[in-house]
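First the structure, in the form of structure tokens, and then the observations on it.
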Amino acid sequence: MWRSIRVKLVAVYLLLILFSLQVIGAYFVRSLNTSLMRNETQTVKAQAQLIASMAAPEITKAAKDPQGFSSVLASMPQLINGSAYILNPQGVVLDTSVGRALIGQKRVDSVVTETTVSKQPATAIRVDPITNQYLLEVAVPITDQGRFQGVVEYDVPVQGIYTTIHQVTTIFYTASLVALLLTAALSVILAQTIARPVVEVTRQARHMAAGDFTRRVAVNSNDEFGELSTAINDLAEKLAEALAENARERDRLQAVITYMGEGVVVLDANRETVFVNDAAHRLLTNPEDQAQTVADLLGVRNHAGSDSTEGTFVRAIGDNLMHVHLTPMRQHGQVDGYVALIRDVTEQEKLNQARRDFVSNVSHELRTPLTSIKSYLEVLLDNQDADAKTQREFLGVIERETDRMVRLTQDLLHLSGLDSRQTPIRWSDIGVSDWLTSAVDRFQLQAASLGVKLEVQGKTDAVIRGDRDMLDRVLDNLLGNALKYTASGGRITLSAIPHSTVVKVVVADTGMGIPAEDLPHVFERFFRVDKARSRRRGGSGLGLALVREITELHSGRVRISSDLNVGTTVTVELPRRGVSH
Ligand code: ADP
């Protein structure tokens, strides 16, 4: 309660007033007392001196004739206000205004003694023990022609003066009390007026600290308090604006970080997860181990533990590869947390790997025939006198290998043309039956020579749209494969099954088949079930890849099914002309 500014103000006012009144009161009472007493003393002293001057000749007379003293005091009873005594130098009462019984007695009042000794007037104030009233005692010496003859003692009651002073003092203090009460009331009102704006501003500051910037302080004056209220209102407004702007910025940033394509993870100094954005959630879901922490998944613990500097590394999470860029956040030179940027590089890595594989495959595919051509050429050059049959044999091998290289490079060129969409497509209507028959015709001789039965089954009037050369290449590859991998005595059938929107072209053989585990890979470039066998038969591993590319270019799809040592069936499904799909 004492901390309240109102109480302090009231207390200060009251103490000030009280102190002032005390000082004024003390000074006033003292001055009044002094002034009244001085006047009274002078009057009494003057009367005493008058008595002394009248008594002097009587005492001188009495010294010569003891009976000659006649009462001076008795002659002036109207003058005497108190009790007057005329004393001889020994202090014995010669005359008194208070009854003759005291004559002849010795008086020993201090003022009398003082005057007797000093021969000077003396005054004193004492309380009369009988009446209990204040008395002013005055003693003056009686001298006659310079000789000390005795003392006049004059005692006057001054109770009236004291009563007056007491009354005045009482009035003064009563008035002071009233003034004090009025001041108290006024100071309470004043303190309220001064303290109200302060209290309101304080309340406003508290609301602001609690985050409420909507309130405003009422500005009731244009003094310093008014300015304070206006300033705090301005402050509230500016702060609200700044905070709102801040919040907007934060939301924007949060939205950007949350929805950005790259994963963002923030870890604290103990590598506990603080923030994970949506992308990071997706990327870091490891189906095998849900219990792993984000830091463990990213391998931050080890990395940061050994070296708290920036780092980039690739981590396998589940089946995917993640590129992680880890940056430590520093504050005052201390590592305070980590920000990890995560990017899924699985596809990129696959592409890179495919490119590497492709280059190595191409090099390998070219090196084999080239090595063989080179060695045959060396033999021919070293044995120029070899017989013509051997030479032809060797040249035949060289020709076959060269053909293989030509086929390989042609297939590669076709594939790259299809990949880059640079091969122009010459669209035309193609009758399916005609397409199949002409393909079978092209292989009939070869089939017969290999002892394999090759035939078209059924007839259809279905028509498709496509590039005839490309589609011929599809059937050439499929029939070529069927012939390559079907032993003598086998059978290859080519059939077309029209559906409402598509035509299914099926090439089925009774050949060696493909192991189930290799089946998903046969459409990959350079994939061969048995490299030696395929190469021996002139395969490059690109045939089925080409088939798939061309089919897909025609908005179709290709499937393969096979049983080992039973046979293989390849189905090419192509949209029929003029049928929307
Ligand atoms: P290749 O030029 O080696 O024949 P392909 O891409 O045409 O390459 O075929 C890929 C692999 O699939 C072949 O190496 C072969 O092992 C297997 N394959 C394709 N067609 C048949 C089939 N009709 N019978 C058995 N295996 C086949």
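We did not get these values from a lab; they are worked out from the coordinates using the rules stated. Nothing here was measured: the structure is a model prediction, and the numbers come from that model. Cβ placement follows ideal geometry from the backbone for every residue including glycine, while neighbour counts extend to all protein chains displayed.
Structure notes:
- Distant-in-sequence amide contacts of Val503, defined by a placed amide H-H separation under 5 Å and a gap of 5 or more residues or a different chain, comprise Leu574, Arg576.
- Under 5 Å from the amide H of Thr143 lie the amide H atoms of Gln149, each residue being 5 or more positions distant or on a separate chain, with H modelled from the backbone and absent for Pro and chain starts.
- Note on Ala388 and Asn222: the model spin-label points, each 7 Å out from Cα along the C-beta direction, lie 13.0 nm apart.
- Förster radius 25 Å - calculated FRET efficiency between Val335 and Glu262 (Cβ-Cβ, nearest 0.05): 0.65
- Taking region 153-255 and dividing mean pair separation by its residue count, relative contact order in percent (alpha carbons under 8 Å, at least six apart): 18
- Mean separation of Cα contacts under 8 Å (6+ apart) over length of the chain, as relative contact order %: 7
- Pair-distance distribution of region 349-416: all C-alpha pairs, bin width 5 Å, starting at 0; shares per bin in whole percent are 4, 15, 19, 18, 13, 11, 8, 6, 4, 2, 1.
- Signed unit charges on C-beta, dipole axis of region 349-416, positive-most listed residue Leu381, Thr371, Val397: Thr371
- Per-q log10 I(q)/I(0), region 426-575, q = 0.09, 0.19 Å⁻¹ (Debye; single scatterer per alpha-carbon; no solvent): -0.25, -1.19
- FRET efficiency for Leu16 and Glu245, using Cβ-Cβ distance with R0 set to 51 Å, rounded to 0.05: 0.50
- Theoretical gain in end-to-end length, Gln167 to Phe28 [0.36 nm per residue, Cα-Cα removed]: 48.7 nm
- Extension gain for Asp296 to Glu237 (0.36 nm times residue separation, less C-alpha to C-alpha distance): 16.6 nm.
- Given charges at beta-carbon only (K, R positive; D, E negative), |dipole| of the chain in Debye: 740
- Were the residues from Asp469 through Val362 laid out at 0.36 nm apart, the gain over their Cα-Cα distance would be 36.0 nm.
- Here the mean projected area of the convex hull built on the C-alpha positions of region 56-103 is 3.4 nm².
- Label separation (His521 vs Thr571): 2.5 nm, computed from points 7 Å beyond Cα along the C-beta direction.
- Here is the list for region 414-452: trypsin sites (Lys or Arg not before Pro) lying in DSSP coil, each with at most 12 other C-beta atoms within 10 angstrom of its C-beta, are Arg421, Arg426.
- Computed FRET value (nearest 0.05) for Ser428 with Phe275, which takes r as the C-beta separation and R₀ as 60 Å: 0.50
- Global size of the chain: 68.1, 210 Å for Rg and Dmax (C-alpha atoms, Rg to one decimal, Dmax whole).
- Coil-residue trypsin sites (Lys or Arg not before Pro) of region 1-53, DSSP, other Cβ within 10 Å capped at 11: Arg3
- In terms of Cα atoms, the Rg and Dmax of region 134-272 work out to 40.3, 134 Å.
- Residues of the chain were split at every exposed loop site, defined as GluC sites (Glu not before Pro) in a DSSP loop with at most 16 other C-beta atoms within 10 angstrom, and the longest piece left, sites excluded, is 1-261.
- Stokes-Einstein diffusion for region 5-165, with the hydrodynamic radius set to the Kirkwood value over Cα pairs and evaluated at 20 °C in a medium of 1.002 mPa s, equals 121 µm²/s.
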